[in-house]
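Asks: Got a structure for you, written out below as C-alpha cells; questions coming shortly.
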Amino acid sequence: MRRISLILLTLCSFQVCSQPVSFEQYQVPGLDKRQIKHADIVPYIDKTKQYKEVEVSQVGESAQGRGIYQFKVGKGKTKILMWSQMHGDEPTATGAVFDLLNMIHQRPQWLASWQDEISLYLVPMINPDGAELSQRYNIQDIDINRDARRLQTPEGRVLMSLAKSIKPDFGFNLHDQNAYYGAGNSGNTATISLLAPAFNAAKEVNDSRRRAMQLIGVLKQVGDEIIPGHMGRYDDTFAPRAFGDNFSKMGISTILIESGAYPNDPNRQVARKTNLAMLHAAISSIADQSYLQQTTDAYLSIPFNNSNAFKDVIVSNLTVNTGAQSYLLDIGMRLNRSLATGRIDEVGDLSTFDAFSRVDATGWKYQACKSYPLSGDKTLQLTKARYIELLKQGYCQFSGERDSIKNQSGYPIVFSLKMQAERPLRGMPAALMMVKQDERRVLINSELIDLPRGE
C-alpha cells in the first residue's frame, strides 16, 4: 500500500488545474497527538492573526469561558462554513483546519483562484471545554451535536448563530469516529467516512442535498487516490437533534467528514492529511462549480460503514478447561489508548472480525492469573526483572493503592479489584495468561510477553 508521504495529488478542475501538491508540507507542528486542547491551538490562532489574507475574530465562549474563534478568508458570494471538534475528544480535523490556513497563507496563487468566488469561514474547536477533559460532551455533560433544537449549550448557540448570520451555501461538519468502523466488508478500516445528511426521516434528496452528494463525488476521487479501500459512507438515518441534519433542513449543502483509524497510525495523521486534501479539492471544485458535473453515483458507490468490524486484539483458538468441559475460544479486546487500559469485549467465534493485532493461541491453554495486592505503606518499584518474577508467580494484574506502584518495567500494567474467573469473560481486564507444557505467555493490553525470556 502506498505511503501517504509519497502521495503527490494533482487536482484539476474545470477552470483551475493546480500543480501537484504534497500535503505534508503544510502540516503545522505540535498537533500530531491523540488529544488536542485549547492551549495547543492558541499559538496558531495568534500566528494566523498576522496573516493579511485571514480575518480572525472571537465569536463566542464556551461554558467555562474559553474562546471560540472564526477565521474568514475570501470575499465571494458563495459561502462555506467549516467547523471541527464539536465533540471534545475528536481532534483530527482541528489539525487539518490549521493546516488549511497554513496552505492558504503559503499558496497565494491558489488563494487568488477562488477568493473572489468564495467566502470561507473556519471555526476549529467548537467544544474547548470537552477538549480540555478529553471527552465527547461539554462541561454541562451535554452532547453539543444533540443540542441543535433546544440550544441549551453556549457552544451550540454560537454555531447556530453563525449558520443563521452567514447563511452558508455549504457546511462541512468535521468529526472523528471510533477505530472499529470498517469500510463495508472490505476488511479495511474506514479511515474517512462521508455523508450528505438527510433533512427528513424519509431521506429525500432535494437540490441542496444533491449538491452535497455531488461534491462528495469529488472528495471520493481524492480518497481513492490517497487511501484506496479505506472509505465508508456514514449512516444517513435522520437525526432530528443533530446540527448537520438541521443545517441540511435549512437548505445548507452539508458534508460530514468522519476521521477514523488507519494501520500503524495511532494519532490519525493519515486521516488528517486526507482531510486537508479533501477540503482543498472541495474549495477548488466549489469555486469553479466543476462538482456539478458529478452525478450521485460516486456518492452512492461508497460502501456503508460496518460499525463493529474491528477489535483491537483478537486471541484465537485458546483452549479453556473448566471442570469436565474443554472448548476453544476466540477472545476480542478493546483498548482505551489514552488511559492505557483495556477490556475483553467479546468471546466466542470471532472469525468474522478483523483486528489491529492478532495472537494465534492454538495449542495454548487459558490460566486464570492472580491479582497482586498493593499496600499504601510501601511503594513497589516495578522493574522489568521484578515484573517478570511476578508474572512467573502467576500475577498479571494489581489491586489496591495505584499510587503505591512505580512502573519502571516498560510493560503495561492492569488494575482490577476482582480475581480472574476460571474462564475468560466479557468485561474482564485485558490481561491473559496462557500456558503450553513448560511455556507461559502473558498478554497485557496489546503486549505479548514470553516467559521466562521476558521478551
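What follows draws every value from the coordinates through simple rules; no lab data is involved. The model shown is predicted, which means the values in this text are computed figures rather than measured ones. Neighbour counts run over all protein chains shown; Cβ positions are idealised from the backbone, glycine included.
Asks: What's the extension gain from Ser351 to Met250 if we count 0.36 nm per residue and subtract their Cα-Cα distance?
Replies: The Ser351-Met250 span can extend by a further 31.9 nm.
Asks: Quick check: Cα centre of region 394-455 to Cα centre of region 100-136, how many Å?
Replies: If we compute the Cα centre of each part, the gap is 45 Å.
Asks: Once Rh is set to the Kirkwood radius over Cα pairs, what Stokes-Einstein translational diffusion coefficient, in µm²/s, holds for region 264-413 at a temperature of 37 °C and a viscosity of 0.692 mPa s?
Replies: 163 µm²/s
Asks: Could you check the simple spin-label distance between Ala421 and Ser375, using points 7 Å along Cα→Cβ, in nm with one decimal?
Replies: About 3.3 nm separates the two model spin labels.
Asks: While we're looking at this one, here's another question. Set the Förster distance to 25 Å, then compute FRET efficiency between Gln109 and Ser22 from the Cβ-Cβ distance, nearest 0.05.
Replies: E(calc), rounded to 0.05, equals 0.95.
Asks: In addition: Per 0.36 nm of contour for each residue apart, how much would the distance between Tyr327 and Thr383 grow if the chain were fully extended, relative to their Cα-Cα spacing?
Replies: Gain in length upon complete extension: 16.5 nm.
Asks: Continuing with this model, one more query. In the neighborhood of Arg66, defined by Cβ-to-Cβ distances under 9 Å, what is the net charge if each Lys or Arg adds +1 and each Asp or Glu adds -1?
Replies: Taking every Cβ under 9 Å from that of Arg66, the sum is -3.
Asks: Sticking with this structure for a sec: (i) 74, 47, 43; (ii) 69, 59, 43; (iii) 152, 49, 38: which one is Cα extents along the principal axes in Å as calculated from this entry?
Replies: So the structure-derived entry is (i).
Asks: Of all trypsin sites (Lys or Arg not before Pro) in region 341-429, which ones are in loop regions per DSSP and have a Cβ with at most 16 other Cβ atoms within 10 Å?
Replies: The qualifying sites are Lys378, Lys418, Arg426.
Asks: Right, another one. To the nearest 0.05, what FRET efficiency results for Arg453 and Val42 with a Förster distance of 41 Å applied to their C-beta separation?
Replies: 0.30
Asks: Using label points projected 7 Å from each Cα along Cα→Cβ, tell me how many nm separate Arg402 and Lys436, to one decimal.
Replies: Taking the two extended label points, one gets 3.5 nm.
Asks: Can you give the FRET efficiency to the nearest 0.05 for Asp297 and Thr237, using r as the Cβ-Cβ distance and R₀ = 22 Å?
Replies: Computed FRET efficiency for Asp297 and Thr237: 0.50.
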